[in-house]
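To start, the structure itself, in structure tokens.
The values are calculated or read from the model by the stated rules, or taken from the named source; none is laboratory data. Nothing here was measured: the structure is a model prediction, and the numbers come from that model. Because the Cβ atoms are built from the backbone with ideal geometry, glycine has one as well, and the counts that use them run over all protein chains shown. Keep in mind that these areas ignore ligands, DNA and RNA; they rest on the heavy atoms of the full protein, side chains included. Shrake-Rupley method; radii C 1.70, N 1.55, O 1.52, S 1.80 Å.
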Amino acid sequence: MNKPLQLAVFASILISLCCSSRAQTCQNYKFSNQNTYAKCVDLPVLNSFLHWNYTASSFQLDLAFRHVGATASEWVAWAINPLGLKMLGSQALVAYQRPDGTFYAYASPIDGYDTALPEGRLSFSFSKLSGTFEKGEMTIFASLQLTGDLVTINQVWQNGPLKGGTPAIHASSVDHLTSFGTLNLVTGAAI
């Protein structure tokens, strides 16, 4: 085999090994804050993952939403939409790094398509809302108090740019327009 061909084969093997070892999944992920979750799902688009514990007797959902490949110039969000598989009506948890370097997590009900994700009240109560931005990964943590009719949820997740230090409208790529699905909190079945 000639030398250029050998180098090409070697480079291909090296790239495939590198990329396959760097591909993330939610299984066996260790959170730096030592939180543990019984269930997780690799979301199909936008390099995102959802980890959760659900207590059916009290309808309590403890979650961690992760977005990998994040930068300090973007925001991330995860939401439940009691109205359907769409952005409008979503009850969102949003997070981003402020210009002063602090990480900010808050709630935002989505009532329009031109939203700047303003802070507001959700249709369900929540606590322990926080977030982290470490090693190119943004994570939102929260505990949600749901109702018995929200065992299978419509979930929506998103990321977008910051403009002037606040969230701006996300891209209109196929991935951004298809970042939704249903999730059964008890079985873990995701569609």
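Whether any residue in the range 60-69 is touching a residue at least 12 places away in the same chain (Cβ under 8 Å), surrounded by 13 or more Cβ atoms within 10 Å (Cβ to Cβ), more than 22 Å from SER172 (Cα to Cα) and among the acidic types (Asp, Glu) is what I want to check.
Yes, the conditions are met somewhere in the range 60-69.
Any residue that is under 20 Å from LEU185 (Cβ atoms), open to solvent by 50 Å² or more (accessible area, probe 1.4 Å), out of contact with any strand residue (DSSP E or B) (no Cβ under 6 Å at 6 or more places or on another chain) and in a strand (DSSP E or B) - is there at least one of those in the range 144-159? No, the range 144-159 contains no residue that is under 20 Å from LEU185 (Cβ atoms), open to solvent by 50 Å² or more (accessible area, probe 1.4 Å), out of contact with any strand residue (DSSP E or B) (no Cβ under 6 Å at 6 or more places or on another chain) and in a strand (DSSP E or B). Within the set ASN47, ASN33, the sole residue that is modelled with pLDDT of 95 or more and over 21 Å from LEU185 (Cβ atoms) turns out to be ASN47.
Residue count for the range 171-188 satisfying the condition of being touching a strand residue (DSSP E or B) at 6+ places or on another chain (Cβ under 8 Å) and either touching a residue at least 12 places away in the same chain (Cβ under 8 Å) or assigned to a strand (DSSP E or B) (or both): 10.
Can you tell which of THR115, THR102, THR132 is surrounded by 16 or more Cβ atoms within 10 Å (Cβ to Cβ) and more than 23 Å from ILE169 (Cβ to Cβ)? Spell out the reasoning first.
Working: THR115 fails: more than 23 Å from ILE169 (Cβ to Cβ); THR102 fails: surrounded by 16 or more Cβ atoms within 10 Å (Cβ to Cβ).
Of the residues listed, the single one that is surrounded by 16 or more Cβ atoms within 10 Å (Cβ to Cβ) and more than 23 Å from ILE169 (Cβ to Cβ) is THR132.
You will find that of SER108, SER127, the residue that is farther than 26 Å from ALA189 by Cβ, without any contact (Cβ under 8 Å) to a residue 24 or more places away in the chain, touching a strand residue (DSSP E or B) at 6+ places or on another chain (Cβ under 8 Å) and in a strand (DSSP E or B) is SER127 and no other.
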